[in-house]
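Worksheet for the structure shown next.
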Amino acid sequence: MTTTPAPLDLNQVVDYLHELQQRICTELTSLDSKGQWRRDQWQRPEGGGGDSRVFQDGDIFEQAGVNVSHVNGKQLPAAATVTRPELAGRSFQAAGLSLVIHPQNPHVPTSHANVRFFMAEKPNAEPVWWFGGGFDLTPYYGFEADCRHWHETAKAICQPFGDDVYPRLKHWCDEYFYLPHRNEPRGIGGLFFDDLNEWGFESCFAFMRAIGDGYLDAYLPIVKQRCDTPFTKAQREFQLYRRGRYVEFNLLYDRGTLFGLQSGGRTESILMSLPPRVRWIYDWQATPGSPESELYEKFLKPRDWCA
């Protein structure tokens, strides 16, 4: 990772994150007017704070959380230095937006998006900064058209930044959102990137904005297409079972969750990513030839959805 001068004023990044948060919350409300938003603006004793907005018990969205935080501290947490040990001991600033949407209907996938900026500093040295983020999709029942739309939108977002960007970040996402103890991906992937600074601040910031701005274009058409699809009690039970994988990944492997908890972030805001209802079934096995079996055999395998 290269070291290049960081902007001294992070206001433009933080302002964008708050604007994006408001835009996403407005779009979700326009689609599902039944549920209620709860907003918590919080301060972190060690420095900084955030704005957490959680939507619950809608007709379409069982729970959606859209959080913005801008925090600082005297020392980077272990989760932030595991791949960058040379940064241990530096002070830091971190600004980001993170969202997770859990739908009511099992035919609508869960989705996650995150865009973030980090800066690590120490006296008499240039700051080290980088952007990260991406978005990924976790279906419960597979639809080819949805998967293609999701990945074609991701590819179009990346295209202006280089032909190699989408395949590289798509592969990174497939590797990151993987549960090794289950030997299976969490979903069908999307985009994931970290440590991005080699393009210079303006281009990196533009790419982060492209990811944030493009998320709704990728997700909302799928929601609108599937939210009125009838479903059975058995399909709902399968959705709750598969949500268990989401919990397992977030608590065992997700670096953002670990960073938030290790840095003294607001626990309720960090764990809003977990689904409100979930279940585990001992040694559950899909019936051969069923739609549930098809999810594992056809969709939960890395593949080129844009081919």
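The values are calculated or read from the model by the stated rules, or taken from the named source; none is laboratory data. In this text the structure is predicted, and so the values were computed from the model without any measurement. Methodologically, a virtual Cβ is constructed for each residue, glycine included, from the backbone with ideal geometry; neighbour enumeration extends over all protein chains shown. The accessibility values were calculated without ligands, DNA or RNA, using every heavy atom of the protein model including side chains. Shrake-Rupley method; radii C 1.70, N 1.55, O 1.52, S 1.80 Å.
Picking from 152, 86, 121, which residue would you name as being modelled with pLDDT of 95 or more, surrounded by fewer than 22 Cβ atoms within 10 Å (Cβ to Cβ) and not hydroxyl-bearing (Ser, Thr, Tyr)? Matching residue, one of 152, 86, 121: 152.
With respect to the conditions (1) modelled with pLDDT under 95; (2) within 20 Å of the chain's Cα centre (by Cα); (3) open to solvent by 20 Å² or more (accessible area, probe 1.4 Å), residue 307 falls short on a single one, namely (2).
Only one of the listed residues (258, 240) is part of a helix (DSSP H, G or I) and open to solvent by 40 Å² or more (accessible area, probe 1.4 Å). That residue is 258.
If you check 116, 90 for being under 23 Å from residue 16 (Cβ atoms), in contact (Cβ under 8 Å) with a residue 12 or more places away in the chain and not hydroxyl-bearing (Ser, Thr, Tyr), only one passes: 116. Of all the residues in the range 261-307, those that are more than 19 Å from residue 65 (Cα to Cα), assigned to a helix (DSSP H, G or I) and of a type in the set (Ser, Thr, Tyr) number 2.
Can you find a residue in the range 233-242 that is within 28 Å of residue 128 (Cα to Cα) and in contact with a Ser or Thr (Cβ under 9 Å, 6 or more places away or on another chain)? Looking through the range 233-242, none of the residues is within 28 Å of residue 128 (Cα to Cα) and in contact with a Ser or Thr (Cβ under 9 Å, 6 or more places away or on another chain). Does residue 289 qualify as being modelled with pLDDT of 95 or more and either within 25 Å of residue 167 (Cβ to Cβ) or open to solvent by less than 70 Å² (accessible area, probe 1.4 Å) (or both)? Spelling it out, it is not the case that residue 289 is modelled with pLDDT of 95 or more and either within 25 Å of residue 167 (Cβ to Cβ) or open to solvent by less than 70 Å² (accessible area, probe 1.4 Å) (or both). The residue that is nearest to residue 231 (Cα to Cα), among those in the range 106-115 that are open to solvent by less than 10 Å² (accessible area, probe 1.4 Å) and touching a Lys or Arg at 6+ places or on another chain (Cβ under 9 Å), is 106. With respect to (1) out of contact with any Gly (no Cβ under 6 Å at 6 or more places or on another chain); (2) open to solvent by less than 30 Å² (accessible area, probe 1.4 Å), the lone exception for residue 182 is condition (2). For residue 27, are the conditions met, namely being acidic (Asp, Glu) and at pLDDT 95 or above? Yes; evaluated as a whole, the condition is true for this residue.
Do we find that residue 168 is buried (at least 20 other Cβ atoms within 10 Å of the Cβ) and assigned to a helix (DSSP H, G or I) in this structure?
Here the answer is no, as residue 168 does not meet what is asked.
Looking across 115, 165, 100, 108, one residue alone is touching a helix residue (DSSP H, G or I) at 6+ places or on another chain (Cβ under 6 Å) and closer than 20 Å to residue 306 by Cβ. It is 165. In the range 277-291, the residue that is nearest to residue 41 (Cα to Cα) out of those that are touching a residue at least 24 places away in the same chain (Cβ under 8 Å) and out of contact with any Lys or Arg (no Cβ under 9 Å at 6 or more places or on another chain) is 280.
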